[in-house]
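Read through the structure below, which is laid out as structure tokens, and then see the notes.
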Amino acid sequence: MRKLGLFAIAALFAFTACNSSAEKSESTTEDTLSKAAAPELVEKEISITINAGDDMMYDLTEIKVKEGQTVKLTLNHTGKLPKESMGHNWTLLAQGTIVSDFAAKAMLAKDSDYIPAGATEVIVHTKLIGGGQSDTIEFSAPAKGLYEFICTFPGHVGMMKGTFYVE
Ligand code: ZN
């Protein structure tokens, strides 16, 4: 009776051990799979195209990237008006920037296409372009968080702004 009991315990132990090792090997397979898929989920580079026309609107008001990604952003001016009257740029602002204050300062910087020289509020920006033109910039996504982007051409910030999420 005692022997049988020990046997039963041993058998139970063996079963448990076997079962847990089976579980373990299953989860290892899952780990391997998710690791293998990871490079596809977090691309090193992300390409973004944003269009703006004579209607003074970006076609994207939300952009999402991942921390450390290389962002290749193209701004297309799909309108016909020249940059002197309907110029657009894409300007990414540092966190904590008071957008209306910065826009007021930027609209005075006509000589430098409405980007004040040495502005610490600007992380990166495209050129100011007119109808039919485009500009592409490449930059590293900043630290995780929420940023704002605007067009600094005088009077455009009210219509041309959006949120840039770094996840
Ligand atoms: Zn604009």
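Values quoted throughout were computed directly from the atomic coordinates according to the rules given, and no laboratory measurement underlies them. Here the structure is a predicted model, which is why all the values come from computation and not from measurement. Here the Cβ positions follow ideal geometry from the backbone for every residue, glycine too, while neighbour counts run over all protein chains shown.
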Length gained when the stretch N51-M107 is fully extended (0.36 nm per residue, less Cα-Cα span): 18.0 nm
Virtual spin-label span in nm between T136 and K80, 7 Å along Cα→Cβ: 2.8
Binned Cα-Cα distance frequencies in region 45-166 - 10 Å width, integer %: 15, 50, 32, 3
Separation of alpha-carbon centers, region 94-146 and region 47-81, rounded to whole Å: 13
Integer Hz, Karplus 6.51/-1.76/1.60 couplings in order for region 46-56, x for Gly and Pro: 10, 9, 10, 10, 10, 10, 8, x, 6, 7, 6
Pairs of Lys in region 66-150 closer than 26 Å at Cα, counting only those 8 or more apart or on different chains: 14
